[in-house]
1. Treating only the Cβ of Lys, Arg, Asp and Glu as charged (+1, +1, -1, -1), what charge dipole size does the chain show about its Cα centre? Round to the nearest 20 debye.
2. At a Förster distance of 45 Å, what's the computed FRET efficiency of residue 226 paired with residue 151, Cβ-Cβ distance as r, to 0.05?
3. Run the numbers for residue 23 and residue 144: contour at 0.36 nm per residue of separation, minus the present Cα-Cα distance, in nm.
4. For a quick check: sort 278, 214, 185, 242 by the number of other beta carbons within 10 angstrom, fewest at the front.
5. Out of 249, 102, 40, any idea which swings most in a Gaussian network model of the chain, alpha carbons joined below 10 Å?
6. Could you check the simple spin-label distance between residue 238 and residue 137, using points 7 Å along Cα→Cβ, in nm with one decimal?
7. Per DSSP H run of n ≥ 4, the term is -39500 (n - 2.57); total these for the chain, divide by its residue number, and report the mean residue ellipticity at 222 nm rounded to 500 deg cm²/dmol.
8. Taking the structure as given and computing Rg and Dmax of the Cα atoms in Å, which label from (1) 18.7, 58; (2) 23.2, 77; (3) 24.4, 80 fits?
Amino acid sequence: MTHETGRPAADGTRAARAVEVAAARRSAWQLLPDGPPVPDDDALVQPVRTEAGEPAQLRVLRPRPGDGHDHLALRQWNGRGTVRLLRADPAAGVLLVERTRDRDLGSLRGDEACRVLGELVAGLARPPRPPFPPLSAFAAEWSARLEDGTELDARFPRRFRLQAATALRRLRRDLLDTALLPGDLVPAAVRAADRAPWLAVRARPRLATVEWALVPGLWPPGDDPRGPRPGELADRAEALALAAGADPDRVRAWAVVRVAVAAAEQAGRSGEEPVRELGRLVRLAKALQPG
């Protein structure tokens, strides 16, 4: 769940396996390496060239329970706002997509980045159809976890857990599975390209609401140990909502929920990294408070 708040999880064994999978797909699909493989937030990415010499990127996705529909979403979007899908091996979690540039939305000023991301999310909304995972199912699981989450209180402030549980009860009163949307579109997952100014390179599709899909755009780039500046997240929520034609209050409510759910995931892990991540989540929860 670290991706809920814009932070990747590291796993050396998984990375080594991804390199092996990438090598196997290069051979099977007759791709030539065109640069070293590099870790992305949710994938191992290697620049390649097809047999015809076309520049492309091979993406070996990080395994995620309940996912595996990225190729189907990219086919539905068909390059309108996202990278074009060239080939896919869904069983292995491998996508071959058009190549983008290295520049991402983090290179823009905060308000401009929010405008681009908000417009992009709204433009990617498609009619909700199976087999994409519905937000309502996740929300039911999250609600049970947060309502009866006293074990979390030792590592994450109880007031933030209860705030998230209350917010989720209210959000669940309305329809949640309203559109096919990207589920983890952080600014780093939106890249400059040749055929369009900006393209999303990550799918993680969900049937959800636009407000929920905008939340990853809230998290400011970088890792300032002091956390976001006062009012920064509120300003970003307003800018994202305005660009997407969405409700900023609902964006903030979903942000409170996603932070608490991410904290619950981290609280179940041991080691120094979860401790650091929980500290960052507490700072985000504080920054989301009104006033």
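1. Details: 45 positive and 39 negative charges, 46 e Å.
Computed charge dipole of the chain: roughly 220 debye.
2. Working: r = 29 Å, r/R0 = 0.63.
Efficiency computed from Cβ-Cβ geometry: 0.95.
3. On the way: separation 121, 0.36 × 121 = 43.56 nm, distance 4.19 nm.
Here the segment from residue 23 to residue 144 would lengthen by 39.4 nm.
4. On the way: 278 19, 214 30, 185 25, 242 15.
If I rank by nearby Cβ atoms, fewest first, I get 242, 278, 185, 214.
5. Of the options given, 102 has the highest mean-square fluctuation.
6. About 3.8 nm, to one decimal.
7. Details: 9 runs with 121 residues, N = 291.
Taking each H run of at least 4 residues, the total per residue is -13500 deg cm²/dmol.
8. Checking each listed value against the structure points to (1).
FYI, it's all coordinate maths here, none of it is from the lab. Quick caveat, the model's predicted, so the values are computed rather than measured. Cβ atoms come from the backbone with ideal geometry, glycine included; neighbour counts cover every protein chain shown.
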